[in-house]
Amino acid sequence: MAADPRLAAQIFAIREFNRFYTAKLGLLRKHHLDGEFSLTQARILYEIASRPRITASELRETLFLDRGYISRVLASLTRRKLIRQSASTSDAREKLLSLSPIGQRSVSSLNEKSDRQISSLLGALEPQLRQDLVASLKQAHTILGSPPRPGVFIERLTEPSSAAIEILEEYYEAVHVIKRDRPSDLQALLAEPNSAMWLARLDNNIAGCVVLRSLPSIPRAAECKRLYVRPSARGLRIATLLLDALEQHARSLKLKWIYLDTYDDLKPAIALYEQRGYERCDRYNDNPQATLFMRKSLRSRTSGG
């Protein structure tokens, strides 16, 4: 038991709520929503549906599941012809996961059942109480999702470093970039008033990077480039922290827009951008590899987790 009486009361309150909502939502039942799947199986299907071509490693980091356990669940879902596993072209050790037509129908059914369940709960509440409940849940999500893992530190570069050049080269190889910056280009970029680069450190090791590049062709706009997190550091919200730093700096420069380009295969990155309020737009540059263009108004403070 915690020695601090206030902490002890807080622990009790959270555990009491845990017991309440797990029973209220039927999470203690053998099968989720009284269907054919366990809660873990259903959650994995949800994740694959929302993030096609996600890998087992990314699932493990998202759901905090043991490697052996998630491997067994994926094998079971594959045998049942609910998911498909295909080889990754960028990492032979990884499999890309997607839903089969059977899996898509199953997820659709789960979504309908879940919507009916939540609709029933909300239907018993007055409109204002529903709004209060949703706002409280969003606040809880923000509070619990905000603290980064101890040891994560975001630093803005003031001049080029070997570490910055190294992780940029790793990024180029990971996503097969054709148009690459030379080391001298980084010096020029950092000298521009509306450009900057950030590195993420995890336990004092470089774990990720992002670049804000001036975009003279569009008034009061800049471009987000080179967002990358090393595979060993994924699942720790490092990409979110890097984008937080970039957008905060852009606001300090009184910029109105952040633009970015990407391509369709980078589903997790696209999902993160959309979660943060980036919207699809017309092509704004001549990047030959880009297939998708997005922008975000800095008047919006939507952020992701």
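The values are calculated or read from the model by the stated rules, or taken from the named source; none is laboratory data. A quick note: this is a predicted structure, and the numbers were derived from the prediction, not measured. Note that we place each Cβ from the backbone using ideal geometry, even for glycine, and neighbour counts take in every protein chain shown.
Pick out the one residue from 17, 12 that is outside the structural domain of residue 122 (by TED's automatic domain parsing) and either modelled with pLDDT of 90 or more or among the polar types (S, T, N, Q) (or both).
Result: 17 is the single residue among 17, 12 that is outside the structural domain of residue 122 (by TED's automatic domain parsing) and either modelled with pLDDT of 90 or more or among the polar types (S, T, N, Q) (or both).
Only residues that are on the phi < 0 side of the Ramachandran plot and in contact with a helix residue (DSSP H, G or I) (Cβ under 7 Å, 6 or more places away or on another chain): list them for region 72-81, please. Talk me through it step by step, then tell me what you get.
As a first pass, look at region 72-81 and keep what is on the phi < 0 side of the Ramachandran plot: 72-80.
Listed by number, the residues that qualify are 73, 74, 77.
Identify, please: which residue in region 163-219 is in contact (Cβ under 8 Å) with a residue 40 or more places away in the chain and among the polar types (S, T, N, Q) and is, among those, nearest to residue 240 (Cα to Cα)?
Taking the candidates together, the pick is 204.
Which members of region 18-37 meet the condition of being among the hydrophobic types (A, V, I, L, M, F, W, C), in a helix (DSSP H, G or I) and exposed (fewer than 12 other Cβ atoms within 10 Å of the Cβ)? Break it down into steps so the answer makes sense when it comes.
First, the residues of region 18-37 that are among the hydrophobic types (A, V, I, L, M, F, W, C): 20, 23, 25, 27-28, 33, 37.
If we keep only those that are in a helix (DSSP H, G or I) as well, we get 20, 23, 33.
Result: 20, 23.
Residues of region 150-184 being surrounded by 13 or more Cβ atoms within 10 Å (Cβ to Cβ) and in a loop (DSSP other than H, G, I, E, B), which ones?
Hits for region 150-184 are 157, 160, 161, 175, 177, 181.
Residues of region 269-289 being surrounded by 16 or more Cβ atoms within 10 Å (Cβ to Cβ) and either on the phi < 0 side of the Ramachandran plot or not assigned by TED's automatic domain parsing to the domain that holds residue 177 (or both), which ones? Even if it seems obvious, please write down each step before you answer.
Initially, region 269-289 is screened for residues surrounded by 16 or more Cβ atoms within 10 Å (Cβ to Cβ), giving 269-270, 272-273, 276-278, 284, 287.
Correct list: 269, 270, 272, 273, 276, 278, 284, 287.
Pick out the one residue from 97, 65, 122 that is surrounded by 12 or more Cβ atoms within 10 Å (Cβ to Cβ), among the hydrophobic types (A, V, I, L, M, F, W, C) and assigned to a helix (DSSP H, G or I).
On the way: 97 fails: assigned to a helix (DSSP H, G or I); 65 fails: assigned to a helix (DSSP H, G or I).
So the residue among 97, 65, 122 that is surrounded by 12 or more Cβ atoms within 10 Å (Cβ to Cβ), among the hydrophobic types (A, V, I, L, M, F, W, C) and assigned to a helix (DSSP H, G or I) is 122.
Hey, among the residues in region 191-244 that are assigned to a loop (DSSP other than H, G, I, E, B), charged (D, E, K, R) and within 18 Å of the chain's Cα centre (by Cα), which one's nearest to residue 175 (Cα to Cα)? Step through it out loud before you land on a result.
Residues of region 191-244 that are assigned to a loop (DSSP other than H, G, I, E, B), as a first pass: 192-195, 203-204, 215-220, 230, 234-237.
Right, trim to charged (D, E, K, R) and you get 192, 203, 220, 230, 234, 237.
If we keep only those that are within 18 Å of the chain's Cα centre (by Cα) too, we end up with 230, 234, 237.
Numbers: 230: 12, 234: 16, 237: 20 Å.
The residue in question is 230.
Considering 227, 236, which residue is in the same structural domain as residue 277 (by TED's automatic domain parsing), surrounded by 18 or more Cβ atoms within 10 Å (Cβ to Cβ), more than 22 Å from residue 259 (Cβ to Cβ) and of a type outside the set (Asp, Glu)? So that I can check it myself, show each step before the final result.
Working: 227 fails: more than 22 Å from residue 259 (Cβ to Cβ).
It is 236.
Name every residue in region 38-57 that is touching a residue at least 40 places away in the same chain (Cβ under 8 Å), buried (at least 20 other Cβ atoms within 10 Å of the Cβ) and not aliphatic (A, V, I, L, M), in order of residue number.
Matches in region 38-57: 55 only.
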